[in-house]
1. Pull up the range B:113-142, narrow it to residues that are of a type in the set (Gly, Ala, Ser) and more than 25 Å from A:GLN107 (Cβ to Cβ), then point me to the one that is farthest from the chain's Cα centre (by Cα).
2. What's the total number of residues in the range A:11-25 that are open to solvent by 10 Å² or more (accessible area, probe 1.4 Å) and either in contact with an Asp or Glu (Cβ under 9 Å, 6 or more places away or on another chain) or facing another protein chain (nearest Cβ under 7 Å) (or both)?
3. If I ask for residues that are outside any helix (DSSP H, G or I), farther than 30 Å from A:ARG60 by Cβ and open to solvent by 40 Å² or more (accessible area, probe 1.4 Å), which ones from the range B:71-114 would you list?
4. Can you find, within the range A:29-41, the residue that is farthest from the other protein chains (Cβ to nearest Cβ) among those that are crowded, with 18+ Cβ neighbours inside 10 Å and outside any loop (DSSP other than H, G, I, E, B)?
5. For residues that are within 14 Å of chain B (Cβ to nearest Cβ) and of a type in the set (Gly, Ala, Ser), scanning just the range A:52-98, find the one that is farthest from A:HIS172 (Cα to Cα).
2 protein chains.
Amino acid sequence: MPYISVEEHLPGITGLLEYRKDSAQPIRELTQLLLRGPSTLTEGERELIATIVSHNNECRFCTTAHTAAADLLLGESDTAAKIKQDIESAPVSEKMKALLTIARQVQQSGKHVTEASIQRAKQAGATDMEIHDTVLIAALFCLYNRYVDGLSTVAPQDPAFYKGLADRIVNHGYTRLPQGYDHLKKKTHS
Amino acid sequence: MPYISVEEHLPGITGLLEYRKDSAQPIRELTQLLLRGPSTLTEGERELIATIVSHNNECRFCTTAHTAAADLLLGESDTAAKIKQDIESAPVSEKMKALLTIARQVQQSGKHVTEASIQRAKQAGATDMEIHDTVLIAALFCLYNRYVDGLSTVAPQDPAFYKGLADRIVNHGYTRLPQGYDHLKKKTHS
């Protein structure tokens with residue numbers, strides 16, 4: 001049971017974003033910009049960064065949601081499953097292996113990011129902006145994971161819930177869209 | 001030396017917020033709302049939450065900056081110094097001891113926040129919103145600390161820099177104010 005009174009039919013982050021809508025607004029905007037805005041990283045690659053950070057923070061709600069979003073964007077579920085097990089043997093580019101390694105280091109602490117991991121990313125062709133965005137996306141999911149679990153929100157068991165959520169964040173994005181949102185509420189809580 | 005090319009005269013978070021201004025905007029707005037917006041927690045109390053999280057994440061730039069801001073708001077430097085050493089013996093209310101304990105738990109992981117620490121806060125009079133804001137402020141500083149250290153930004157040695165920064169965030173807030181900002185640049189880098 002959540003530590004504060006959120007709407008019962010809104011699990012995980014969804015209830016928190018409704019609980020305080022004014023703080024939700026810039027969180028939504030930042031997420032939309034970093035995960036869906038113009039970037040040389042694909043939306044699928046950026047969802048993999050969100051996934052690996054959430055997985056290592058053991059945040060079940062966020063891990064399941066962003067794994068589902070990555071799967072939908074990539075058109076397969078093998079890559080997200082494999083990066084959670086072992087980055088080095090996962091079917092991603094050398095650049096993505098380097099960036100996912102940086103994201104995992106950020107998940108532990110900013111101080112865990114090494115010169116060697118940054119050099120590896122740069123040698124694999126990563127730009128300063130890609131490194132910047134990887135660090136900031138990883139840091140943002142350290143915020144999300146703590147927000148979701150620190151208030152002990154509920155993570156639904158039903159995979160259909162996360163499929164619905166992935167459909168929403170892939171097809172409508174992270175900003176507030178009342179119509180798409182009502183549609184999701186009806187679909188997942190009927 | 002920072003891992004990416006930020007402006008040399010802008011240390012810590014200041015260079016990152018200039019590096020990517022579009023992502024800086026919602027980060028600034030969220031911080032302004034949570035640390036300076038309407039709240040039953042004082043601005044000083046909220047800066048103490050930022051301070052203890054940054055301290056436990058060992059982020060020197062953020063710890064020094066938010067300690068200076070807390071000191072300025074509280075009119076003394078004893079409280080911030082003491083909460084970093086030991087929350088229980090620090091000169092703050094029972095409610096603040098409970099909230100600072102929650103913030104420290106969030107710093108470790110969302111999963112570290114215990115039912116007991118939440119109950120203690122509620123018994124000391126903390127509202128759901130105060131608990132919510134404590135968790136979200138702590139989570140936000142986990143983002144900041146990772147952003148600042150994950151990109152290996154520079155933390156100035158000179159205490160005058162942090163006094164100037166504290167003056168800015170206490171008297172002008174966290175949103176972008178070009179005039180106040182230019183004033184700071186001139187003051188701290190002349």
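The values are calculated or read from the model by the stated rules, or taken from the named source; none is laboratory data. All of these numbers come straight from a predicted model, not from anything done at the bench. So basically every Cβ, Gly included, is an ideal-geometry build from the backbone, and we count neighbours across all protein chains shown. To get the accessible areas, we keep the full protein, side chains included, count just its heavy atoms, and leave off ligands, DNA and RNA. Shrake-Rupley method; radii C 1.70, N 1.55, O 1.52, S 1.80 Å.
1. Once the filter is applied, the top-ranked residue is B:ALA116.
2. Result for the range A:11-25: 6.
3. As a first pass, look at the range B:71-114 and keep what is outside any helix (DSSP H, G or I): B:75-77, B:86-93, B:109, B:113-114.
Checking which are farther than 30 Å from A:ARG60 by Cβ leaves us with B:75-77, B:86, B:88-93.
Of everything in the range B:71-114, those that are outside any helix (DSSP H, G or I), farther than 30 Å from A:ARG60 by Cβ and open to solvent by 40 Å² or more (accessible area, probe 1.4 Å) turn out to be B:GLY75, B:GLU76, B:SER77, B:ASP86, B:GLU88, B:SER89, B:PRO91, B:SER93.
4. A:LEU35
5. Out of the qualifying residues, it is A:ALA98.
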